[in-house]
Amino acid sequence: MKTPASTSAPVSYRIEVNDIHAHLFNVTLTIAQPLAVQRVSLPVWIPGSYLVREFAKNLQHLKAQQGRTLLNATQLDKCTLQIACNPSKPLVLRYQIYAHDNSVRTAWLDFKRGFFNGTSVCLKVESQEKSLHLLEVTEPAKTKGWSVATGLNVQKINKQGFGTYSAANYDELVDCPVELGEFWSGTFTACGVPHRFVVAGALPGFDGAKLLADTQKICEEEIRFWHGNKKPPFANYLFMLNAVDDGYGGLEHRNSTALICNRKDLPRLNELKVSEGYTTLRGLISHEYFHTWNVKRLRPAEFETYDYTQENYTKLLWFFEGFTSYYDDLLLRRSSLLDNPGYFKLLNKTINQVMQTPGRQVQSVAEASFDAWVKYYRQDENTPNTTVSYYTKGALVALCFDLTLRREGHTTLDEVMRALWLRCKAGPMREADFADVLQALGKRSFDAELKSWVHGKTELPLRTLLEQHGVTVHDDPAQLAQRLGLRVNETQGVVVKTVLSGGAAEKAGFAAGDEWLGIEALKQPDGWRMQRLDDLLLYAGTAKKVIALVSRDKRLIRLELAIPPPATTWRLAVKDAAKVDAWLAK
Ligand SMILES: [Zn+2]
């Protein structure tokens, strides 16, 4: 049977600014050849960010029309509408989208800037997902000097980029976010491929040339990592960075990425030193760009076709996020944007974060991947006790594989990644593919390592592997919070954020939300008010036990706290530079 799925008539969207102060876009969707009973739906999630966000909550005033005839649109569930219509006439849907979420995942509109992902504004037309999709962005009447930037294919646009773009199908349409506004824009070429970088919200002293030069280095390093001297699988690439007072994050797409960073972390003119914030930003750029291969093309088999209506589970985020996290900083080091001490400082931080998370003994990284929808993406005071980050521990799993493969001398993780890319034809991948490539290139089975590191909860052999590659591990005294098994906020007194499982604070009876007011040391006459957590040792002296005075729900309570012996934390240092370079420099 022939269905309209094979039709050549495109699905067309027109996006207009309705009101910048009300943060509303107008969307007009024209379905040239609708079904007699046409369903449309808005995604509940955006690929790359594993949380059900119900974008339909921001859709309003929907009207369905054929010519002048208004039609009924029946809501079937939280994200789906159904319209009975005449299939021989175009069906036009008009609606508004409220856009006031300043993140990379949804949509934004105010007097300075507009931004949207297709998942937030473009209803999916059932049975026509594979048709050509057109997106027209019209120039707002009341904003001067605005331009458009997007990774979509150009159909017909003006100098500022307003006009019509196209996507081969719905997946591509919603994988190409759109930036609007008076942004800074620069270009460069990496391995022959044109790249554009746009920045919204930068301050006047922003050093755009520096940002372009550094990003070019990162892109060339990563293209060469995957393809040597050959071209990458995209004809152009766009970075869209939103610089704000306080924000951090990124979302990867097939030929673009949307990033958000602190304005003060951008490189500044005449700045001699690379700031810590800018190092972090370069790591973010490196991370999202690496995803262009690792998760956007090579991707979990479960993501072969996205289901936009519900959670899409995979146990492989430790590979796609974790291995990307391993390579983001490693490739900064290889492109000389980090030196060895700079690299080890970042690796050190990752190791200590994992070792200070009791949840690593509760969930494996494979389990944490599967549960991302309800754990990693819904963090609360108990998250460190119940799960482990598949980003940080996943990066350490990559490190363990890389150092083990290098020690055994048959191959490296770099070669394994490239072999996977070829084996899976830059497409869906299963854990078995990884296991097979490891065995083929590493010349033995790595099933025991997969079982222990990926599916197990025991400690990774980090110390041994690092020492074999020229790194010394020093045990430094840990922060007092770690010693007590607490995470605290000290901006207004000492407020408990998290009580870590199995720690002294848990035994004493502390709870998240407690305000720690002061202490009394046993057998001492005075009690003391605490301003910071470190005051504890000042006032307790050599006492092994104190009474902690805590306010909970305005009730004052006394908790008997046994102060545990000092805890330690890792500090990495280069011992054998030749061995370290053999690993980091290639
Ligand atoms: Zn990522």
At 0.890 mPa s and 25 °C, Stokes D of the chain from Kirkwood alpha-carbon radius, µm² per second: 93 µm²/s
1.4 Å probe accessible area per residue over the chain, in Å²: 44 Å²
Theoretical gain in end-to-end length, residue 472 to residue 537 [0.36 nm per residue, Cα-Cα removed]: 20.4 nm
Relative contact order (percent, whole number), segment 386-515, Cα cutoff 8 Å, 6+ residue spacing: 15 percent
Kirkwood Rh (inverse of mean 1/r, distinct Cα pairs), segment 216-352, angstrom: 16.2 Å
Long pairs among 112/144; 523/545; 315/375; 345/579; 443/575; 349/393, criterion Cα-Cα beyond 21 Å: 443/575
The chain: calculated mean residue ellipticity at 222 nm from DSSP helix runs of at least 4, using -39500 (n - 2.57): -7500 deg cm²/dmol
Nitroxide proxy distance, nm - points 7 Å out along Cα→Cβ at residue 139 and residue 9: 3.1 nm
Rule-of-thumb Rg ratio for segment 136-212 [Cα; 2.2 N^0.38 Å; N residues]: 1.21
Extension reserve of the residue 189-residue 110 stretch, reckoned as 0.36 nm per residue once the Cα distance is removed: 25.2 nm
Span from the segment 313-386 Cα centroid across to the segment 505-539 one, whole angstrom: 33 Å
Of all accessible heavy-atom area on the chain, the percent that carbon and sulfur account for (1.4 Å): 49 percent
For the chain, with +1 on Lys and Arg beta carbons and -1 on Asp and Glu, the positive-most of 46, 537, 269 along the dipole: 46
Protection-proxy order for peptides 450-457, 399-406, each taking the mean of Cβ atoms within 10 Å per residue, highest first: 399-406, 450-457
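The values are calculated or read from the model by the stated rules, or taken from the named source; none is laboratory data. Just so we're clear, the structure is a prediction, and the values are computed from it rather than from any experiment. Cβ atoms come from the backbone with ideal geometry, glycine included; neighbour counts cover every protein chain shown. Please note that ligands, DNA and RNA were not included when accessible areas were found on the heavy atoms of the full protein model with its side chains. Shrake-Rupley method; radii C 1.70, N 1.55, O 1.52, S 1.80 Å.
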